[in-house]
Amino acid sequence: MIVKLNGVKKSFPIERGYLKTASGVVNAVDGVSLEIEKAETFGLVGESGCGKTTLGKLILGILKPDAGSIEVGTKKIQVIFQDPQASLDPKMRVYDIVAEGLVLQSSAVRRGGLNLPYGKIAKGQVEEMLDLVKLPKGALNKYPHQFSGGERQRIAIARAVLTDPEFIVCDEPVSSLDVTVQLQILRLLKDVQKKFSITYLFISHDLRVVRFMSDRIAVMKEGKIVEEGPTQKIYSKPDHDYTKLLLDSILNI
Amino acid sequence: MNILQVDNLKTYFYTQHDIVKAVNDISFKIKDNTVFGLVGESGSGKTLTVLSILRLVPEPGKIMGGQILFDGRDLLAMDEEYLRSVRGSRITMVFQEPSSAFNPVFTIGYQIAEAILAHQKIGEGKARESAMEYLKKVRISDPKKIFYDYPHQLSGGTKQRAMIAMALVNKPELLIMDEPTTALDVTIQAEILDLLKEIIELEKLSILFISHDFGIIAKMCDEVGVMHGGKIVEMGSAHNILTSPKEEYTISLLESVKALA
């Protein structure tokens, strides 16, 4: 097991007026316990405002929980966000974007006394990684705006995977993409996972996408996990009424 | 009869270096009391087709040719005054983002009544009554309260219901819906689509329905045009397109959808 959450709570104050006096709280994450096994994809599905992203941020350590415990069994964590337009620095070239994580890591190592010639290593590794995410070599010296949405998400994946993570939080990684491109990116994520045995927390509002990716699924509503189980079971025999409602809302052709 | 007939419509954008053919010679017809769907990926030209019909193409875009017959008259040949009498009255719209389609500083009731007063010769009291009636028709749970609410006080789903009410108050001959449920959660989406289906049956509406989602198209439309790169690559009954597509692009699009289903 790589991630273990026990009774995790996080609330935000509702502020009103000029003085921002707190007039109430939103319980964004309200007593969540879950376990994520190594090398599996754990799907977290729910509607907007249910607390999925807050939970992702708590696991990443960006937010601190108000109560409960979060254990993450690795320091090699990465994240892939929904909108690559926003998550890639528009003034950096692809090479710098992808290599940055590695450079930062090795300079940390260097401070500890190991002087790694990261520049040269990184270049080869970055090229290899771009090849893996099926971007042409010429991409190296271009800027994010010169790519389509799908290609930009490939860059974000390359950046995340290059640092050799054991665990990646994917927060709605394909929601801003067209359906044909969605499928390509999901397949790429699966390939990468197999190759490097990475664990995913896969957050999405789209039940079809979550089913395609996940081994196990948790359904979240109003800060709580209402149902959790193997993907097959959730989709064939849902217990909770809310899960049934979500499944009934899928439009098939 | 056809409520709308588009022939060889061309809408181009002129940039400094080249011409982008956003709508590249498309033709289609919408029969009375039917729902015609335009489906395609982002950038395929769906929304620009809508904007061309309404003559609202933004600069540097230009309609370069074709004709758009509505009620026997070519909208491309009409003057601004005539277009004003058509927009919001005989042809109405529901857009993707209800929060940006409403004016944030007026109440919902005021805005719907305003739409009525702009096109019908009735008194304010009557307009308000009519607005209230339509808020009930789209099954908003507490119409008396919502009438006096501002847009930011409503949830996305309620806002879109109010938007639909506003699009119906002037009894349009053609209703254009551009991704009306894309901004909503799946459960709300299902509710809104069910409501729309009911209203379409009841009021015998003619609709141009834009979506990127084949699931929605399958549920809502009688006929479908598949758009790609500014062209309609395939057109036919929704059933035929979905079950036996002929064009390579349509096939690949449907395969992607099915792989996830």
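The values are calculated or read from the model by the stated rules, or taken from the named source; none is laboratory data. Every value quoted in this text rests on a predicted model; they were computed, and no experiment measured them. Positions of Cβ are generated from backbone atoms using ideal geometry, with glycine treated the same way; all protein chains shown enter the neighbour counts.
Whether any residue in the stretch B:71-91 is within 18 Å of the chain's Cα centre (by Cα), of a type in the set (Phe, Trp, Tyr) and not assigned by TED's automatic domain parsing to the domain that holds B:TYR148 is what I want to check.
Looking for residues that are within 18 Å of the chain's Cα centre (by Cα), of a type in the set (Phe, Trp, Tyr) and not assigned by TED's automatic domain parsing to the domain that holds B:TYR148, one finds none in the stretch B:71-91, hence no.
Pick from the stretch A:106-126 the residues that are at pLDDT 75 or above and surrounded by 13 or more Cβ atoms within 10 Å (Cβ to Cβ): which of them is nearest to A:ILE155 (Cα to Cα)?
The qualifying residue nearest to A:ILE155 (Cα to Cα) is A:VAL126.
State the number of residues belonging to the stretch A:189-215 that are over 21 Å from A:ASN252 (Cα atoms) and out of contact with any Lys or Arg (no Cβ under 7 Å at 6 or more places or on another chain).
So the count comes out to 14.
Need the failing condition index for B:SER155 against (1) under 28 Å from A:VAL181 (Cβ atoms); (2) within 13 Å of chain A (Cβ to nearest Cβ), just the number.
The failed condition is (1).
At pLDDT 90 or above, more than 14 Å from every other protein chain (Cβ to nearest Cβ) and part of a helix (DSSP H, G or I): is that true of A:ALA139 in this structure?
Numbers: at pLDDT 90 or above: no; more than 14 Å from every other protein chain (Cβ to nearest Cβ): yes; part of a helix (DSSP H, G or I): yes.
For A:ALA139, the condition - at pLDDT 90 or above, more than 14 Å from every other protein chain (Cβ to nearest Cβ) and part of a helix (DSSP H, G or I) - is not met.
Under the condition of being within 11 Å of chain A (Cβ to nearest Cβ) and free of Cβ contacts under 8 Å to residues at least 40 places away in the same chain, which residue from the stretch B:214-244 is surrounded by the fewest Cβ atoms within 10 Å (Cβ to Cβ)?
Here the residue is B:THR243.
Tally time: how many residues in the stretch B:185-210 are at the interface with chain A (Cβ under 10 Å from one of its Cβ atoms) and not in a helix (DSSP H, G or I)?
1
What are the residues in the stretch B:42-90 that are small (Gly, Ala, Ser) and touching a residue at least 40 places away in the same chain (Cβ under 8 Å), if any? Even if it seems obvious, please write down each step before you answer.
From the stretch B:42-90, those small (Gly, Ala, Ser) are B:42-45, B:52, B:61, B:65-66, B:72, B:77, B:85, B:88-89; that's our starting set.
Within the stretch B:42-90, B:SER42, B:SER44, B:GLY45, B:SER52, B:GLY61, B:GLY65, B:GLY66, B:GLY88, B:SER89 meet the criteria.
Collect the residues in the stretch B:5-44 that are among the basic types (Lys, Arg) and closer than 18 Å to B:LEU56 by Cα, keeping them in residue-number order.
Correct list: B:LYS10, B:LYS21.
Quick check, is A:VAL161 within 30 Å of A:LYS10 (Cα to Cα) and part of a strand (DSSP E or B)?
no
Look through B:THR158, B:THR182 and report the one residue that is among the polar types (S, T, N, Q) and part of a helix (DSSP H, G or I).
Details: B:THR182 fails: part of a helix (DSSP H, G or I).
That would be B:THR158, the only listed residue that is among the polar types (S, T, N, Q) and part of a helix (DSSP H, G or I).
Please identify the pairs in which a residue from the stretch B:1-25 that is touching a residue at least 40 places away in the same chain (Cβ under 8 Å) has its Cβ atom under 8 Å from the Cβ atom of a residue that is of a type in the set (Asp, Glu) and surrounded by fewer than 18 Cβ atoms within 10 Å (Cβ to Cβ), counting only partners at least 6 apart or on another chain.
What qualifies is B:ASN2/B:ASP32; B:ILE3/B:ASP32; B:ILE3/B:ASP71; B:ILE3/B:GLU173; B:ASN8/B:ASP25; B:LEU9/B:ASP25; B:LYS10/B:ASP25.
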